[in-house]
1. If we scan the range 32-50, do we find a residue that is more than 30 Å from ILE327 (Cβ to Cβ) and touching a Ser or Thr at 6+ places or on another chain (Cβ under 8 Å)?
2. With the requirement that a residue be under 20 Å from PRO187 (Cβ atoms) and either outside any loop (DSSP other than H, G, I, E, B) or small (Gly, Ala, Ser) (or both), what does the range 228-247 give you?
3. Of all the residues that make up the range 28-51, how many are among the basic types (Lys, Arg), touching a strand residue (DSSP E or B) at 6+ places or on another chain (Cβ under 7 Å) and closer than 29 Å to LEU214 by Cβ?
4. I'm told MET260 meets every condition in (1) open to solvent by 50 Å² or more (accessible area, probe 1.4 Å); (2) more than 29 Å from ALA115 (Cα to Cα); (3) at pLDDT below 95 except one. Can you identify the failing condition by its number?
5. Please tell me if MET213 is hydrophobic (A, V, I, L, M, F, W, C) and within 18 Å of LEU264 (Cα to Cα).
6. Tell me, please, whether a residue that is touching a Gly at 6+ places or on another chain (Cβ under 8 Å), modelled with pLDDT of 95 or more and more than 30 Å from GLU11 (Cβ to Cβ) can be found in the range 236-247.
7. On the basis of being more than 22 Å from TRP246 (Cα to Cα) and either modelled with pLDDT under 95 or in contact with a Ser or Thr (Cβ under 7 Å, 6 or more places away or on another chain) (or both), does GLN26 make the cut?
Amino acid sequence: MIELLTETTPEYEAFLASSPRGTLFQSGFWHGVKKNWRWRAVVFRRDGKIAAGMSILLRQVPCTPWKLAYAPRGPACDPQDMEALVALIEGAKQLGRQENVCLLKLDPDAPLEDAGFQKSMAALGWQLLPESWDFDRIQPQHLARIDLRGKDAETVLAGMKQKTRYNIRLAERKGVEVRVCGPEALPEFYDLMKTTGIRDGFAVRPCSYFEGMLRSLGANARLYMACYDGISLAGAITAQFGNKTWYLYGASADEGRDKMANYLLQWNMIQWAIESGCDWYDFRGVSGGQGENKTMGLWRFKGGFGAELQTLVGEYELPLKPAACVIVKKLIPVFQKCALFFASLRTRSEPRRCRRSLPGFSFGCNYDTIRM
């Protein structure tokens, strides 16, 4: 039995939280973060109970009559359960017809080596995009994750690289303090985000986005700040859902880098995951490329904490209106460039205080860029 939800329910959230494939990005909490998208969900029931689900975000393509539909890290179902998979896809198509959707996208939390799942998706008409080595997809395909199952803090610490443990202890010895903050610390965090954006060459979302994230995720999210002698050196937002913890956003100051504040900051967030009984701590994206490039330092940092490199199957597309898709795919890069241009202006020129502004149009949610 298939049903379409227009708003989330406690039953659906409980299913996602307990499902091995359920993620924060499929939950109704994440819809609260993505206010410029409409939320829908396809639910498949077996014997009266939810057996599979897929949350879908809908957005109007400017200057066109069509919409885009995206299921972030969906579907939440056993990839080998063909009955459920077929039902969810049919439900998504039904929703697409109702909403005048030209293109469906999803990026399952399924491993790349699952050839059976890829075969099933191909049989259902889905097109798998080429493997992404960096951050040019909606969600990163290559992830750094720490397996926390059955481990306490000492075991996790022992599994880190020696240099990482040394830097954590160095930050403690130098007097770096990490605290969990409320929304009142957002101006400090946002200043660090802008500093990081200018240093590393990415556009920063408006402060209102981070305000909305903390408000929507509530007790599921924490804003951490690392300080030395009253000065904020680093900050991060992390969130929990079900048995997983995600590191969502991080930023750091140009000064005080010898204090190794980022290491102690991450260790505090990992400890929260352990104390909460989570099975995984997800650092999210890293580069999947081999050899040295500008993002390999990101993997060295995350991998130093004992994270494993996990490669997911990638991003799928299902055109519902092929001719419209051709037009939309030409328009989206134009909208993205405009959004990135204005976001870059904001990053460099916005007064150093928290203020509201409208996000630009984009379809993705790449690593620290002005995306979905």
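1. Looking through the range 32-50, at least one residue is more than 30 Å from ILE327 (Cβ to Cβ) and touching a Ser or Thr at 6+ places or on another chain (Cβ under 8 Å).
2. Within the range 228-247, TYR228, GLY230, ILE231, SER232, LEU233, ALA234, GLY235, ALA236, ILE237, THR238 qualify.
3. Result for the range 28-51: 3.
4. Just one mismatch for MET260, condition (3).
5. For MET213, the condition - hydrophobic (A, V, I, L, M, F, W, C) and within 18 Å of LEU264 (Cα to Cα) - is not met.
6. yes
7. When the stated conditions are applied, GLN26 does not pass them.
Residues checked against (1) free of Cβ contacts under 8 Å to residues at least 60 places away in the same chain; (2) open to solvent by 50 Å² or more (accessible area, probe 1.4 Å):
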site: LYS35; (1), (2): no, yes
site: PHE44; (1), (2): yes, no
site: MET54; (1), (2): yes, no
site: THR64; (1), (2): no, no
site: ALA69; (1), (2): yes, no
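The values are calculated or read from the model by the stated rules, or taken from the named source; none is laboratory data. Treat the numbers as computed from the prediction; the structure is a model and nothing was measured. Glycine also receives a Cβ, built like all others from the backbone with ideal geometry; neighbour counts cover every protein chain displayed. Heads up: the accessible areas ignore ligands, DNA and RNA and are worked out on the full protein's heavy atoms, side chains in. Shrake-Rupley method; radii C 1.70, N 1.55, O 1.52, S 1.80 Å.
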